[in-house]
Amino acid sequence: MHLLLSDKMRKIKRKMQKCAECGGSTFIEDPSRGELICAKCGLVLKEEIVDVTQEWRAFDSEQMARRARGGAPLSFTKHDKGLTTEIGKGLGELYKVPPKKRAQYYRLAKWHRRFIRSKDRNLSFALSELQRIVSFLNLSKPIHERVARYYEECVEKGLVRGRSIEAIIAALTYAVSREFGSPRTPEEIAEGSGVDKKEISRTYRYIAREIGIRILPANPEDFVPRFCSILGLSDKAATKAIKVLREARKKDIISGKGPTGIAAAAIYIGSVLAGEKRTQREIADLCNITEVTIRCRYRELAEKLGIEEEVEKKAIEE
């Protein structure tokens, strides 16, 4: 119904419209080009018109080829946005060609590779590295897309020259994961990328300054669901840990302290209060911090929130 109304409205507007060149009121709509053309003088009045009519269903490959009006969506995770074709993607493709044509096919593939721009070669390598890190860290598709866009911006501004591609990809992954509220610790990024943590920090500061990324300090609450899931804790324990962090924030206990240490201490308290106690060693190993850090943060939180006796009692009962 909505589509019919919008189609009628477009027809009414078209009748009222006049050509700016000849004053004509008869127009031709070219659906293949998405253009509105004056029938009298040929002036193109509109370009890139969006087709809002329904998409036809296809029940086999022949119907799909005949009825489809669009291709795959553009993606920044591919160096060519998924638009260009490639001759000779692998050695296996060579044997699909008849023997008489193989020499010609090989030459075409060779020249195709030679004509690829240095930017595309750089992006091809970098985005394959990004795909590996995203898979290792189990990051979402929106994060993957945003990192790819930022990396292309870095290439266009010449920020990659003289620096490690792996370090830039790792730094951008660290920044964007925090921006999307799904942070990963520097240790996790370093493990996934194989780049030293200090190099990632140095590159992150440089890239953030040059392309204007402004990231707020990591929120300890963002670490809790993922860490609790890995530890096998229930939603009840995670909820209690988040409640502890929110109360601590109100009393200004956590400002100036490392987010992973605070999150680890809150998870320890939440696990004890929920009756699903995990040892400080287990939590410390997961969060890449020391047991001493957890103990210090735990004492601060428990004392200032007045829950020390309750937590100690629950811990003894278990």
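The values are calculated or read from the model by the stated rules, or taken from the named source; none is laboratory data. Note that the coordinates shown come from a computational prediction; the quantities given were computed from them, not determined experimentally. Counting neighbours? That spans all protein chains shown, and the Cβs are built from the backbone with ideal geometry, glycine included.
Going through the stretch 296-310 one residue at a time, which ones are of a type in the set (Asp, Glu) and at pLDDT 85 or above?
300, 303
Of the numbered conditions (1) touching a helix residue (DSSP H, G or I) at 6+ places or on another chain (Cβ under 6 Å); (2) surrounded by 15 or more Cβ atoms within 10 Å (Cβ to Cβ), residue 181 satisfies every one except a single condition; which is it?
Going through the list (1) touching a helix residue (DSSP H, G or I) at 6+ places or on another chain (Cβ under 6 Å); (2) surrounded by 15 or more Cβ atoms within 10 Å (Cβ to Cβ), residue 181 breaks only (2).
Can you confirm whether the stretch 160-171 contains a residue that is of a type in the set (Ser, Thr, Tyr) and out of contact with any Asp or Glu (no Cβ under 9 Å at 6 or more places or on another chain)?
No - not one qualifying residue is present in the stretch 160-171.
Let me confirm something: among 269, 262, 230, 242, which residue is in contact (Cβ under 8 Å) with a residue 40 or more places away in the chain, surrounded by fewer than 22 Cβ atoms within 10 Å (Cβ to Cβ) and assigned to a helix (DSSP H, G or I)?
None of the others qualify; the one that does is 230.
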